[in-house]
Amino acid sequence: SVMRKRKTTDPPPSPTDPSEGREKLRLKQEVGLISGVSLIAGTMIGSGIFMSPEWVLHHMGSPASSLLIWAACGVLATFGALSYAELGTVIKESGGEYIYILRIFGSFPAFLFAYTSVILVRPAGLAAVCLSFAEYAVAPFYPGCSSPQAVVKCAAAACILVLAIINCLNVRLATSIMNVFTAAKLLALLVIVAGGMVLLAKGQTQSFQNAFQNTTAGIGTVGVAFYQGLWSYDGWNNLNYVTEELKKPEVTLPRAVMIAIPLVTCLYLLVNVSYFAAMTPSELLTSGAVAVTWGDKVLGSWAWLISLSVALSTFGSSNGTFFSGGRVCYIAAREGHMPEILSMAHVRCLTPSPALLFTSAMSLVMVMSGNFTSIVNFFSFIAWFFYGMTISGLLYLKIKKPELPRSYKVPIIIPIIVLMAAVYLVLAPIIDQPQIEYLYIVLFMFSGVILYFPLVRFKCHPRFLQRVTLHLQLFLEVAPTARDAN
């Protein structure tokens, strides 16, 4: 069988297993439809819609072409999420791309994904969102001047530590916070949309006259504009990282996708229209923070509400990114691709606390050397490389394994479109504007080979690691978890 076999029985207890003789722990199934929609929408609506519009406009050159990019990004995210929904109903395990690559292509490519994602991609994405939160959170304390970088980085670090505590304590607490913050950020976006409608009704349509004027259409330029737009849609695949924690995943997964992503796409388009109604393209391009400039122009003395809303929005998005990102580390460790301690859960809270703590530590390192725009471009480059690999896996299963039970099927043309888009997004910026940083990323990705063969393939583990694992288990109060045998 080409589909890699899943182990449906637990391995014998290891010397470091204090739960020997007792039933193993399982993560709770706490995520229902509302929490699922909140996880997708809440993670997607973060810093992007408040920071990326000026960069999309910068690369595309005109309001109308910018709006087309935003719409196309929404369609692509929807197609990608629908494709992932079918994968999630065939392979009912948490871990997103990692578990799909592992089950379809095998151990080596899955390890490269886990290595790159756990050490670089997820922590970098979380760091970027937390830095955005910090920028807006500390801005009111430094009116009329830019905030000191040391203060911003300290605020971002504090945000990561608070998120670590929340997510380690309780899954229900984390999902409740997601639900509340998602409602708050939707309200903030609706205020911006309503303000834009009022401005349009008053006749402020100058940005939409000759709306395609100055459009640039280079292959690489459009690719980079897509990167900036897709950053705002990042999170469309987050529910696949927590499949084992979903109530009725075969129903919840497709429904949550079909509700959340079209909702976010419509909101993003209307928010961009509102920005263009309040500002000329040149004003938008020179704005450091588009939403704040909009608030100054439209809300006057109430403009502080926008800064508060953006801070709340980015905090909620960080929580969703953290919630799902920690699961990749946890699942990879459970499959033997990361240290054993990261596959364990807290004996009382039933949360993957070691994996979450490791993710926070890596994110704190990223925060110390964070640059928002470069993080976005390079994050997107790696992400779409692995999205393409995952979608090609789905196409393989649809063609070669049509007999596998599926409660939901996506038309084959949809994953084909997503795969073509992924190939374009990976190659176009490199061909059009080659940068040495892309080479560094590829070299980092394949440096995982040095670790894979001794540690994973041949299992050459130094003995002291078992002692370290045992001491960490006792200190963190964690124990091994059972694999879900769906």
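The values are calculated or read from the model by the stated rules, or taken from the named source; none is laboratory data. Only a predicted model underlies this, so the values are computations on that prediction, with no experimental measurement involved. Note that we place each Cβ from the backbone using ideal geometry, even for glycine, and neighbour counts take in every protein chain shown. Each accessible area value is taken on the protein alone, full model and side chains, heavy atoms only, with ligands, DNA and RNA left out. Shrake-Rupley method; radii C 1.70, N 1.55, O 1.52, S 1.80 Å.
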Helix 249-278 against the longest principal axis of the chain: what's the angle in degrees, Cα atoms only, rounded to the nearest 10? 20 degrees
Keeping all protein chains in place, calculate the accessible area per residue for the chain (probe 1.4 angstrom), answer in Å². 41 Å²
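Where does segment 303-458 land on Rg(C-alpha)/(2.2 N^0.38 Å)?
Segment 303-458 yields a ratio of 1.29.
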In nanometres, what is the gap between the two model label sites at residue 369 and residue 460, each 7 Å from Cα along Cα-to-Cβ? 2.8 nm
D_trans [Stokes-Einstein, Kirkwood Rh over alpha-carbon pairs] for segment 108-219, 4 °C, 1.567 mPa s, µm² s⁻¹: 70 µm²/s
On a 0 to 90° scale, report how tilted helix 413-432 is relative to the longest principal axis of the chain, with both axes built from alpha carbons and the result rounded to the nearest 10. 70 degrees
Roughly how many Å is it from the Cα centre of segment 304-360 to that of segment 120-153, as a whole number? 20 Å
How far apart, in nanometres, would the label points at residue 435 and residue 303 be if each is projected 7 angstrom from Cα along the Cα-to-Cβ direction? 3.0 nm
I'd like to know how segment 221-292 sits against the 2.2 N^0.38 Å rule of thumb: what's its Cα Rg over that expected value? 1.48
Shape parameters for segment 271-353, alpha-carbon atoms, Rg then Dmax in Å: 20.8, 56
Scattering from the C-alpha atoms of segment 150-277 alone, worked out with Debye: what is log10 I(q)/I(0) at q = 0.11 1/Å? -0.64
Per-residue HN-Hα couplings for segment 172-189 [Karplus 6.51, -1.76, 1.60; θ = phi - 60°; Hz; x = Gly/Pro]: 5, 4, 4, 6, 5, 4, 4, 4, 5, 5, 5, 4, 5, 6, 5, 4, 4, 5
Scalar couplings 3J(HN,Hα) for segment 452-458 by Karplus 6.51 cos²θ - 1.76 cosθ + 1.60 (θ = phi - 60°), nearest whole Hz, x for Gly and Pro, are 4, 5, x, 8, 9, 5, 9
So if R0 is 51 Å, what FRET efficiency would residue 209 and residue 400 give, r being the distance between their Cβ atoms, rounded to the nearest 0.05? 0.45
Does anyone have the angle between helix 122-138 and the longest principal axis of the chain? Alpha-carbon axes, 0 to 90°, nearest 10? 40 degrees
Using a 1.4 Å probe on the protein heavy atoms, what percent of the accessible area of the chain belongs to carbon and sulfur? 68 percent
Could you point to the residue in 274, 300, 253 farthest towards the positive end of segment 236-329's charge dipole, with +1 and -1 charges on the Cβ of Lys/Arg and Asp/Glu respectively? 253
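How big is the shadow of the Cα convex hull of the chain, averaged over all directions, in nm²?
Projected area, direction-averaged: 22.6 nm².
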Sparse-neighbourhood loop sites, chymotrypsin sites (Phe, Trp or Tyr not before Pro) in segment 117-222 - DSSP loop, at most 15 other Cβ within 10 angstrom: 212
